[in-house]
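Everything below concerns the one structure shown next.
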Amino acid sequence: MNPHFKIGLIRVVTLSDEQMLNLHGQLIEHYFPELQVESRCIDAQPTGIHDEQTEQLAVPKIIKLAKEWQGLDAIVVSCANDPAVKELREELSIPVIGAGESTALLATRYGQTFGVLGITEEIPRGYRKTFGDRIVGNCLPEGIHSTLDLLTTEGKKSVTAKALELKELGAEVIALACTGMSTIGIAKELEQVCHIPVIDPVMAEGLMTYFECLRKE
């Protein structure tokens, strides 16, 4: 199938490695072949967004990058906290998709109680808005401080342990709250261990993007 829609994907971590920069876009293209994805990243944030301060630094960079980008059918902000998504939707005429909102909405298809598994102490707002008081436990695995920690063996073990804890607390679905978890491809592994649905944020943002593009066609 030939690509039909041109998508701009914004990474909120500064990446010099082209393979890492393009990974989320390549995953989306694999899942949805009609989408052609070009990826760009913001400057001077080597650890990405992992708290309120780093998000405040990132938002104007994301807005500037998105507004300079021409010829797109949609923009994806590939971050579970959906930084600058609201602002960009008010300023741009094309769809703007955030990973967090997409993941949370899809998770409601699979259950009524939710484990949110990310890299921040506070659960991202898109998940809180969608799930309300149906969230069990907290979000943060032990020893995880930024998306870079997910790339280590210990980081993956910590994520798996946290997923099992959330299931024990009553989660019917686990909604991953960091796109770095898509980078390490852990959703299927967690499903095999926990035996409940686990929603991958890059797959979710890709699906919502494809839907939005079809609506606008």
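The values are calculated or read from the model by the stated rules, or taken from the named source; none is laboratory data. Since the structure is predicted, the reported quantities are computational estimates derived from the model, not experimental observations. FYI the Cβ positions are ideal-geometry reconstructions off the backbone, even for glycines, and counts take in every protein chain you see. To get the accessible areas, we keep the full protein, side chains included, count just its heavy atoms, and leave off ligands, DNA and RNA. Shrake-Rupley method; radii C 1.70, N 1.55, O 1.52, S 1.80 Å.
Quick notes on this one:
- The angle between the Cα long axis of helix 18-31 and the longest principal axis of the Cα atoms of the chain comes to about 80 degrees, rounded to the nearest 10.
- Solvent-accessible area per residue, Å², over the chain with all protein chains present [probe radius 1.4 Å]: 48
- For the chain, the 222 nm mean residue ellipticity estimated from helices alone, with every DSSP H stretch of n ≥ 4 adding -39500 (n - 2.57) and the total spread over all residues, rounds to -13500 deg cm²/dmol.
- The value of relative contact order for the chain, using C-alpha pairs under 8 Å at least six residues apart, is 21 percent.
- Cα-projected label distance for LEU92 with LYS157, points at 7 Å along beta-carbon direction, nm: 4.0
- Net charge over other residues, Cβ less than 14 angstrom from the Cβ of PRO124 (K, R count +1; D, E count -1): -4
- Contact order, relative form, for the range 6-56: 49 percent (alpha carbon pairs under 8 Å, 6 or more residues apart, mean separation divided by residue count).
- Between the residues ILE49, VAL159, MET181, the greatest Cα displacement towards the positive end of the dipole of the range 46-203, with unit charges on the Cβ of Lys, Arg, Asp and Glu, is found for MET181.
- Extension gain for LEU169 to GLU68 (0.36 nm times residue separation, less C-alpha to C-alpha distance): 31.9 nm.
- Relative contact order of the range 85-212, defined on C-alpha pairs under 8 angstrom at six or more residues apart (%): 31
- Backbone amide hydrogens, once placed in the peptide plane, bring SER39 within less than 5 Å of LEU9, excluding anything fewer than 5 places away on its chain.
- Spin-label pair GLU191-ARG109: with each label point 7 Å from Cα along the Cα-Cβ axis, the two points sit 1.1 nm from one another.
- Centre separation in Å (Cα based) which lies between the range 126-184 and the range 80-108: 20
- Cα pair distances exceeding 25 angstrom across the range 51-156, given as percent: 29
- Taking 7 Å steps out from each Cα toward its Cβ at THR14 and THR47 produces label points 1.4 nm apart.
- Viscosity 0.890 mPa s, temperature 25 °C, Stokes-Einstein D of the range 1-111 from Kirkwood C-alpha radius, µm²/s: 171
- Helix 153-168 axis, angle to the chain major axis (alpha carbon atoms, nearest 10°): 70
- Once the Cα gyration tensor of the chain is diagonalised, semi-axes √(5λ) in Å: 26, 19, 16
- Helix 201-216 and the long axis of the chain differ in direction by around 40°, with both axes built from C-alpha atoms.
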